[in-house]
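Take a look at the structure below.
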Amino acid sequence: MRLSALTLRFLTLVIAACVAFLGARAAVTLVEDRSVIAVREDLIDRGYSWASVLGDGLQIILEGTAPSEALRFRAIASAGSIVDASRVIDNMSVQESERIAPPDFAIEILRNDSGVSLIGLIPASTDREELAEEITKIADGKTVTDLLESADYPEPDSWSDAVSYALRALGELPRSKISISAEKVSVDAISDSDDEKRLLESRLSRNTPNDVDVTVNITAPRPVITPFLTRFTSDAEGARFLACAVDTPAAEVKIIAAAKSAGFEGISPCVAGLGSPSREWGDAVALSINAIEALGGGTVTIANTDISITAPLGTEQGTFDSAIGELENALPDVFALSADRPELPQEGSEGPPQFTATMSPEGQIQLRGRVPDDVLNLTVENYAKAKFGAAQITMGTRIADGLPNGWAVRVLAGIEALSELSNGSVVVEPNNITVRGNTGNPDASADITSRLIEKLGQAAQMTVDVAYVKQLDPIAGLPTPQECIDNIGAVTQARKILFDPGSADLTLDTQPVIDDIAEILKRCPDLRIRIAGYTDSQGREVMNQALSQQRASAVLAALRTRRVPVGRFEAIGFGESDPIADNGTEDGREANRRIEFSLIVPENSEETTTLEEIEAPIAAPDDDAGDATE
């Protein structure tokens, strides 16, 4: 059977169409594969290995997770540079960005004679008006420059405590730089004197915030020392300094090295100051101490450019001449040397004359010994009264002949030396003045030595054995907050805070108790104290709460009238809450009727420091308020 011409033509057309279709498909596949390979290689070359490339006909599909929106856009642009950008299909996602960490809040405060300036970043929740008001009050009319910025992030836990402490420090320090962060407060300041420096350091060390690292660095100007004095003694009691002034750290090193060679032990007592008569001060002092070592003991006094050496009793002439001769030849030219080899004193029939002044720990003064006449006796009495008070003086002196020249000056100098002590004694003899006792002044030994030399001369022999007692120091001896409350507890163990029944009026018997508490708190500055009132459960709850508040406020008012600084105190009445005993018994109700003193601590502190409670027993309760404290 033969195909018709029409059928043949149709078959030819179908075959041609199939061939064309297959050819076109092969061409598209080739183009697709080459495009995918080209785009993939380009992305790899550019470091975009996180992107995968798929082909769908002539379209290029990009998939994967881009590290950022910018890199995603760059990958699309890179693919569009290889193939027609209209053929690029974006199926990529972007990695979720990490949450932005909150900023580090910090403040830098600078205060000087021109005013106060602040710069830094603070939380938006900070009360700017309250902060500005506090700074303006501290500036006391001077310019306040506020360059603070704020950020709306949560306030760190200890931020408020750090700022509060920094503002308290700023109020104490007129020339200071304070750096504040949530974890640390750094204080750098300048004081006018060493005493002021010690007082400021003591105040700022109290009530430091919990969880905040506090660093305080206060510097004081170097004092002007006149005369510029060093006195070194070596005897049977050991080698020691009675005074030591240095002009440079290098000089101190030389002096202490020479002293240690001569038998001195302990830390350096030297005070750095201005007023040195020569740049070779350290060499001159070290050489003089070496001479004392060569003599086997004695005393050397270097006051400005004058050097005075007293050898020990019984020193051989040859040893004396050798040691003093070597020193004279080695000393810098500006210094002048005098030396003495003392003879054994000749005693009279009554023994060597003596004058003694003693001071008891209670401040009672006894003056005994010899004076040449009534005029000096009256002068001694009046001078002692001027120094110590007329009521404290007991005279036991007597008139005697044959006293050495300069006796009056030595006696008055001894009384002045005694005034530097808290308790002790001064013994005045023709060849020596001995000062012994306790003091709260760490520089008392040097001060006494300097004054005695000023009155009696460099060659004067003296023994100064003065002990520094921290408890007697009006600054370093300030009690800690806990010690303050322990002292209150000791006062109130046998005596209670009492109120008239049903009222907030303190009884007359309670006034001495409040007086003693006031005296304790006056030595405890800058404490944040809560005075809390409590009642028993008898009576109506509202009435009990009101009465407890009134009584706590009455104690606060009583302390204020006694000039206790109560600006950081608060009085709160808690009524019948927090009982410490059983309200079902009379003894328990009596224990629950009380006044408590406690430290105010930051809210984020894990521990609350409760101070010694002061209990207040009562008589029979009245009808309306059964918690009335007597």
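Computed values, structure above
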| read-out | value |
| --- | --- |
| Elements of type strands (runs of 3 or more DSSP E) contained in segment 146-236, each with 1 or more residues being in contact (Cβ under 8 Å) with a residue 40 or more places away in the chain | 176-181, 213-219, 229-235 |
| Residues of segment 307-328 that turn out to be under 49 Å from the mean Cα position of the chain (by Cα) and more than 12 Å from G296 (Cα to Cα), as a count | 7 |
| Filter result (touching a Ser or Thr at 6+ places or on another chain (Cβ under 9 Å), under 30 Å from R168 (Cα atoms) and of a type in the set (S, T, Y)) within segment 521-554 | none |
| Qualifying residue in segment 533-550 (condition: more than 23 Å from D582 (Cβ to Cβ) and buried (at least 22 other Cβ atoms within 10 Å of the Cβ)) | no |
| Number of positions in segment 220-238 that are more than 20 Å from D283 (Cβ to Cβ), over 31 Å from the mean Cα position of the chain (by Cα) and charged (D, E, K, R) | 2 |
| Some residue of segment 495-510 being in the same structural domain as V380 (by TED's automatic domain parsing) and of a type in the set (F, W, Y) | no |
| Members of segment 50-94 found to be charged (D, E, K, R), closer than 21 Å to R34 by Cβ and out of contact with any strand residue (DSSP E or B) (no Cβ under 8 Å at 6 or more places or on another chain), listed by number | D84 |
| Residue check for G298: surrounded by 14 or more Cβ atoms within 10 Å (Cβ to Cβ), in contact (Cβ under 8 Å) with a residue 40 or more places away in the chain and touching a helix residue (DSSP H, G or I) at 6+ places or on another chain (Cβ under 6 Å) | yes |
| Hey, L71 at pLDDT below 80 and outside the structural domain of E183 (by TED's automatic domain parsing) or not | no |
| In segment 110-161, the residues that are surrounded by 14 or more Cβ atoms within 10 Å (Cβ to Cβ), among the hydrophobic types (A, V, I, L, M, F, W, C) and touching a Ser or Thr at 6+ places or on another chain (Cβ under 9 Å) | L110, V116, L118, I119, L121, I122, V144, L148, W159 |
| Considering residues of segment 207-219 that are of a type outside the set (V, I, T) and buried (at least 16 other Cβ atoms within 10 Å of the Cβ) only, the residue nearest to the chain's Cα centre (by Cα) | N207 |
| Output for segment 58-71, where each listed residue is loosely packed, with under 14 Cβ neighbours inside 10 Å and farther than 13 Å from V88 by Cβ | T65, P67, S68, E69, A70 |
| Residue within segment 477-495 that is of a type in the set (G, A, S) and closer than 30 Å to G414 by Cα present | yes |
| Qualifying residue in segment 256-279 (condition: more than 35 Å from the chain's Cα centre (by Cα) and in a helix (DSSP H, G or I)) | yes |
| In segment 434-472, residue farthest from S193 (Cα to Cα) [restricted to those that are small (G, A, S) and crowded, with 17+ Cβ neighbours inside 10 Å] | A460 |
| Residue within segment 288-299 that is modelled with pLDDT of 90 or more and over 24 Å from A236 (Cβ atoms) present | no |
| Sole residue being in a loop (DSSP other than H, G, I, E, B) and in the same structural domain as G275 (by TED's automatic domain parsing), chosen from T299, T315 | T315 |
| Every residue from segment 363-382 that is of a type in the set (S, T, Y) and at pLDDT below 90 | none |
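Condition check ((1) within 38 Å of the chain's Cα centre (by Cα); (2) more than 20 Å from T507 (Cα to Cα); (3) outside the structural domain of V513 (by TED's automatic domain parsing)) across all residues:
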| site | (1), (2), (3) |
| --- | --- |
| S548 | yes, no, no |
| A552 | yes, no, no |
| A557 | yes, no, no |
| P565 | yes, yes, no |
| E586 | no, yes, no |
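The values are calculated or read from the model by the stated rules, or taken from the named source; none is laboratory data. This is a predicted model, so every value here is computed, not measured. Virtual Cβ from ideal backbone geometry, glycine too; neighbours counted across all protein chains shown.
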